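Peer 1: Quick one: the structure is below, and I'll ask about it shortly.
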Amino acid sequence: MGAHDELENRYTPRFETLLSESGVVVEYRRDRAGIDTGLHLFAREERPTRQGGERPHWRALAGRVWFQLKGIHASTMSADEFHAAKRVPVKVGVEHLRFWFAAPEPVYLVVYVESVDTFVGVDVRELVEREWGPRFYASMRDRSGEVTAHVPTASIMNSERIASLVNHRSMRIDGPAFRERPLGHRMDPLRSVLAYPSKERWVEMVIRILQVHDFREASLHQVGELTVLRGTIAQTLLWQSPAFAEYGYRYLGEVRDEPAPEQVFGDVCVILDGARDRTAFSAKEAAAASELIDTAATNEESVVLFFRGRDLSGTGGLWRCTARGSMANGWSGMWHQIGLEALSFLVLTATLVYLEFAPDLDWDDANYMD
């Protein structure tokens, strides 16, 4: 056994002990993929006991992280050299680097520096994007053998750093895709509709949809069951409503009608109506709705109404009549209504939002893509 094997035998079990503080260590029986070890991530939580106290609980997460370990002898890099350097150079195989970069789960390149008894590591995707950028595949196309990668000396792999890896996620992309975008589920966004969620859960979903489209809130106030937000949607919010989609086939391979796409971008007034079956407004709500639309017209804002009823429900009809009355008075702004069907589309096409809420969702219509 050589000096390299002796060093590896010392640092590998130490690193796996470090990993075990944040989950379950996963090992390859044979190193044939350029990966030494992995970690199935767990979240640390507390659960109530019958005695009224709390006990530690580990909850398995849907994510794993993989690690390729390298070691640098003290004779190769001294402690002074490490502290003076910004990065640690390390040789890696070109084929392995390409494999790690394209892997469906995160791979970290970790280096043990013997002279300072420290692990440093970096997500290979971050490393590649920093050192090669968008020309990575082109620059590696005709290369073989090894290349030199550089791991930042500030990227210490300690208990706190490894615990923070819980933000990584794994997602299946082997199912049917929606317009060639993997969704992490099989449900058809154009032909699946949520059952009525609780008001609290509905509000949480709407707020998350706004957040993932970079909604920048300027003001918020409440009038009856109406929540009114003003701000800017900085990333285009685009949807289609399953209420207007064609279901079923007359014959195999038929082209089915799709609902027209709608979108909104820029300065908006967002109204959240949490009533499930609305037939009328209170006096305060009616006055507020009229004022909101007049203000939107003055400010040349779009108005986006989220409501907890079906797109073609009485609630939707009441709001459409309200909007038409204002349009007849000369308002040239854009009015958009997003009921449960349109919200279903937005949730199903925003994969991370779907994964966040999926355990709590029920469906009135659940149709699956082939």
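Peer 1: Rank 267, 123 by accessible area, highest first, at a 1.4 Å probe radius?
Peer 2: Details: 267 90, 123 20 Å².
Descending order: 267, 123.
Peer 1: When only C-alpha pairs under 8 Å and at least 6 residues apart count, what is the relative contact order of the chain, in percent? Before the final figure, lay out each step's value.
Peer 2: On the way: 641 pairs, mean separation 51.5, N = 370.
Dividing the mean separation by the residue count of the chain yields 14 percent.
Peer 1: Longest span of the chain, sites excluded, free of trypsin sites (Lys or Arg not before Pro) in DSSP loop with at most 13 other C-beta atoms within 10 Å?
Peer 2: 257-370
Peer 1: Helix 283-299 versus the longest principal axis of the chain: what is the Cα-based angle in degrees, 0 to 90, to the nearest 10?
Peer 2: Orientation of helix 283-299: about 70 degrees from the principal axis.
Peer 1: Give me the percent of the accessible area of the chain that comes from carbon and sulfur atoms, probe 1.4 Å, all protein chains in place. Present the calculation step by step, with values, prior to reporting the outcome.
Peer 2: Numbers: 9650 of 19750 Å².
Answer for the chain: carbon and sulfur cover 49 percent of the accessible area.
Peer 1: Using 1/(1 + (r/R0)^6) with R0 = 41 angstrom and r between the beta carbons of residue 94 and residue 164, what's the FRET efficiency to the nearest 0.05?
Peer 2: 0.90
Peer 1: Taking the Cα centre of segment 145-304 as origin, work out the dipole magnitude from +1 charges on Lys and Arg Cβ and -1 charges on Asp and Glu Cβ, in debye rounded to 20.
Peer 2: 600 debye
Peer 1: Next question. So, counting K/R as plus one and D/E as minus one, what does the shell of residues with Cβ under 15 Å around residue 79 add up to?
Peer 2: On the way: positive: none; negative: 80, 81, 114, 117.
Every neighbour counted, the sum reads -4.
Peer 1: Residue farthest toward the positive end of the dipole of the chain, with Cβ of Lys/Arg at +1 and Asp/Glu at -1: which of 41, 355, 232?
Peer 2: 41
Peer 1: Where does the charge balance sit around residue 140 when Lys and Arg score +1, Asp and Glu -1, over other residues with C-beta under 13 Å from its C-beta?
Peer 2: 0
Peer 1: Just to be sure I understand: if I project the alpha-carbon convex hull of segment 269-319 onto a plane and average over all orientations, what area do I get in nm²? Let's see the in-between values first.
Peer 2: On the way: hull surface 13.3 nm².
Directional mean of the projected Cα hull area for segment 269-319 stands at 3.3 nm².
Peer 1: Between residue 179 and residue 364, what is the label-to-label distance in nm when each label sits 7 Å out along the Cα-to-Cβ direction?
Peer 2: Rounded to a tenth, the inter-label distance reads 2.5 nm.
Peer 1: Using only the Cα atoms of the chain, what do you get for the radius of gyration and for Dmax, in Å?
Peer 2: Cα radius of gyration and Dmax of the chain are 27.1, 88 Å respectively.
Peer 1: Mind jotting down the distance between the C-alpha centroids of segment 54-110 and segment 141-179, whole Å?
Peer 2: Here the two parts' Cα centres lie 9 Å apart.
Peer 1: Over segment 1-54, what is the mean sequence separation of C-alpha contacts under 8 Å (at least six apart), divided by residue count, expressed as relative contact order in percent?
Peer 2: It rounds to 26 percent for segment 1-54.
Peer 1: Where the only charges are on Cβ atoms (+1 Lys, Arg; -1 Asp, Glu), what is the dipole of segment 270-366 about its Cα centre, to the nearest 20 debye?
Peer 2: The dipole magnitude comes to about 320 debye.
Peer 1: Per residue, what volume in Å³ does the Cα convex hull of segment 1-113 take up?
Peer 2: On the way: hull volume 18.2 nm³, N = 113.
Residue-normalised Cα hull volume stands at 161 Å³.
Peer 1: A further question on this structure: For segment 77-129, with only Lys/Arg (+1) and Asp/Glu (-1) charged at the beta-carbon, what is the dipole magnitude about the Cα centre, in debye rounded to 20?
Peer 2: Working: 5 positive and 9 negative charges, 39 e Å.
Its charge dipole is roughly 180 debye.
Peer 1: Could you give the length gained on full extension between residue 238 and residue 300, defined as 0.36 nm per residue of separation minus the Cα-Cα distance, in nm?
Peer 2: Using 0.36 nm per residue and subtracting the Cα-Cα distance, I get 20.4 nm.
Peer 1: Go ahead and estimate [θ] at 222 nm for the chain from helices alone: -39,500 (n - 2.57) per DSSP H run with n ≥ 4, summed, over the residue count, rounded to 500.
Peer 2: Computed ellipticity for the chain at 222 nm equals -9000 deg cm²/dmol.
Peer 1: Let me ask something else about it. Do any GluC sites (Glu not before Pro) in segment 21-79 lie in a loop, going by DSSP, with at most 16 other beta-carbon atoms within 10 Å of their beta carbon, and if so which?
Peer 2: Hits after loop and neighbour filter: 21.
Peer 1: Can you give the log10 of the normalised intensity I(q)/I(0) at q = 0.10, 0.16, 0.17 Å⁻¹, computed with Debye over equal Cα scatterers of segment 35-193?
Peer 2: -0.52, -1.01, -1.08
Peer 1: At 0.36 nm per residue, and after removing the present C-alpha to C-alpha distance, how many nm does the segment from residue 355 to residue 54 gain when stretched out fully?
Peer 2: 105.6 nm
Peer 1: May I pose another question? Translational diffusion coefficient, Stokes-Einstein: compute it for segment 271-370 using the Kirkwood radius over C-alpha pairs as Rh, at 25 °C and 0.890 mPa s, and state it as an integer in µm² s⁻¹.
Peer 2: For the chosen part, D equals 162 µm²/s.
Peer 1: Next question. When ligands, DNA and RNA are left out and all protein chains stay put, how many square angstrom of accessible area per residue does segment 1-89 have with a 1.4 Å probe?
Peer 2: I get 65 Å² per residue for this part.
The values are calculated or read from the model by the stated rules, or taken from the named source; none is laboratory data. Treat the numbers as computed from the prediction; the structure is a model and nothing was measured. Positions of Cβ are generated from backbone atoms using ideal geometry, with glycine treated the same way; all protein chains shown enter the neighbour counts. Side chains included, ligands, DNA and RNA excluded: accessible areas come from the protein's heavy atoms. Shrake-Rupley method; radii C 1.70, N 1.55, O 1.52, S 1.80 Å.
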